[in-house]
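Participant: Have a look at this one before I ask anything.
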Amino acid sequence: MREALLRLEADGLLQIVPKKGAYVPPITEAEIEAVMQARGLVEEWCAGRAAGFGDMLAAELDRLIARQVEVRHDPVAFIECDREFHRTIVRAAGNPVLADFYESLRDRQLRMGVHTIMIFGERGDSVLAEHAAIVEGIRCGRPEQASAAVAEHLARTLVALRLPMMAGFGSVATARSPAAAAQ
């Protein structure tokens, strides 16, 4: 159990306070920015490379979008499908080092995405349309179009991730650690 907690802490998903316990730290705007910047670097490059697979990859991505449509009222399942959609593109690029790095980013964003979908449910329909635009670039074998569609999708995702903080949901100012609460 201790090893699992230490791993979660190392991944930035949990904070351990000696003699107080453990808690899930709030998501900060700086963390959102950093994760999304890193995702942009990885995903835009990977989408450009993946565009070389055309119809073969597009068919798998279409299947994942159809699955997202089926589960769009279940935030956790929707985000898991989203994760698989993006993971499929990253893996198709064929760089295992980037694929491993990407997995660490997506683990952090899973928590961010579920929170956003739960608060602003209409984001799901936008995500589906944005994913379709990415697939179209890949299907047509146009690396620039696929990369641009990913860039647009991630820019809109960043705006959506910031909304809960701007609206006061999950803001850093209102979140307190057990150590701060004890003072």
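The values are calculated or read from the model by the stated rules, or taken from the named source; none is laboratory data. What you see is a predicted model, and the numbers here were worked out from it, not measured in a lab. Heads up, the Cβs are rebuilt from the backbone with ideal geometry, glycines too, and the neighbour counts pull from every protein chain shown.
Participant: Do any helices (runs of 4 or more DSSP H) entirely within segment 1-94 hold 1 or more residues that are modelled with pLDDT under 85 and farther than 20 Å from PRO143 by Cα, and if so, which?
Facilitator: Helices (runs of 4 or more DSSP H) meeting the threshold: 2-10, 29-50, 75-92.
Participant: So, one more: With (1) touching a Cys at 6+ places or on another chain (Cβ under 7 Å); (2) closer than 14 Å to ALA149 by Cβ; (3) surrounded by fewer than 19 Cβ atoms within 10 Å (Cβ to Cβ) as the list, and ARG67 as the residue in question, which single condition is left unmet?
Facilitator: (2)
Participant: Given the structure, is GLY48 touching a Pro at 6+ places or on another chain (Cβ under 9 Å), surrounded by fewer than 17 Cβ atoms within 10 Å (Cβ to Cβ) and within 19 Å of VAL150 (Cα to Cα)?
Facilitator: Spelling it out, it is not the case that GLY48 is touching a Pro at 6+ places or on another chain (Cβ under 9 Å), surrounded by fewer than 17 Cβ atoms within 10 Å (Cβ to Cβ) and within 19 Å of VAL150 (Cα to Cα).
Participant: Collect the residues in segment 70-110 that are surrounded by fewer than 15 Cβ atoms within 10 Å (Cβ to Cβ) and polar (S, T, N, Q), keeping them in residue-number order.
Facilitator: SER104
Participant: Pull up segment 55-85, narrow it to residues that are in contact with a helix residue (DSSP H, G or I) (Cβ under 9 Å, 6 or more places away or on another chain) and basic (Lys, Arg), then point me to the one that is farthest from LEU128 (Cα to Cα).
Facilitator: Taking the candidates together, the pick is ARG83.
Participant: Helices (runs of 4 or more DSSP H) wholly in segment 107-183 with at least 1 residues that are at pLDDT 95 or above and among the β-branched types (Val, Ile, Thr) - which ones?
Facilitator: 123-139, 143-166
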